[in-house]
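Everything on this sheet refers to the single structure shown next.
The values are calculated or read from the model by the stated rules, or taken from the named source; none is laboratory data. All values reported here derive from a predicted model rather than from experimental measurement. Neighbour counts are summed over all protein chains in view; Cβ atoms, including those assigned to glycine, are modelled from backbone coordinates with ideal geometry. Calculation scope for accessible area: heavy atoms of the full protein, side chains included, ligands and nucleic acids excluded. Shrake-Rupley method; radii C 1.70, N 1.55, O 1.52, S 1.80 Å.
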Amino acid sequence: MLFTTVLKDNGGFMRCYKKGRRVGCEWLCVHFFPNNMPVSRLGITAGKKLGNAVTRNRVKRIIRAAYRQSEQGLPIGYDVVFVGRNGIQEKSSCDVQDFIQKRLAKEMDKPFVHNKKK
């Protein structure tokens, strides 16, 4: 991955979940939040509801491959967390790549507005 590192810390995941925006479909959900860094950070979550370890690792490989193919079309400087849902086991990396290019890229291009509650 050219412009992306791995998101490892729990704080980054929680910031994406709580403060970030999300876009999703029936088999995949993506949370993203600007990180003010010159690189993006990628995190992938595949819970036990998806199946055994082999299935979860396959889901992560599919998402990682699709992201790698679509990386140049996405803006830089975001924390991006992919959450696999039931049904993604039957999908291919082409399906995930289409989702990234058609839905995620459009949402990430919209201006990010921080809503501060008082």
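Give, in nm to one decimal, the length gained when the segment between residue 39 and residue 54 is fully stretched (0.36 nm per residue of separation minus the Cα-Cα distance).
2.4 nm
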(message) For a 24 Å ceiling on Cα separation, which of these pairs sit above it: 8/49; 18/110; 8/110; 8/60?
(response) 8/110
(request) Obtain the nm distance between the two label points defined at residue 26 and residue 86 by a simple spin-label model: each point lies 7 Å from its Cα along the Cα-to-C-beta direction. (result) 1.2 nm
(request) Kindly provide the pair-distance distribution of the chain built from C-alpha pairs, with 10 Å bins from 0 and whole-percent values in order of increasing distance. (result) 14, 49, 32, 6, 0
(message) With every protein chain left in place and a probe of 1.4 Å, what is the accessible surface of residue 17, to the nearest 10 Å²?
(response) 80 Å²
(request) Round to the nearest 10 and give me the degree value, 0 to 90, for the angle of helix 10-19's Cα axis relative to the longest principal axis of the chain. (result) 70 degrees
(message) Quick check: the angle from helix 53-70's long axis to the longest principal axis of the chain, C-alpha only, nearest 10 degrees?
(response) 50 degrees
(request) Sketch the reach of a paramagnetic label on residue 112 as a point 7 Å from Cα along Cα-to-Cβ, and name the residues of the stretch 47-91 whose backbone nitrogen lies under 13 Å away. (result) 75-81
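At 0.36 nm per residue, and after removing the present C-alpha to C-alpha distance, how many nm does the segment from residue 6 to residue 72 gain when stretched out fully?
Working: separation 66, 0.36 × 66 = 23.76 nm, distance 1.64 nm.
Residue separation times 0.36 nm, minus the Cα-Cα distance, leaves 22.1 nm.
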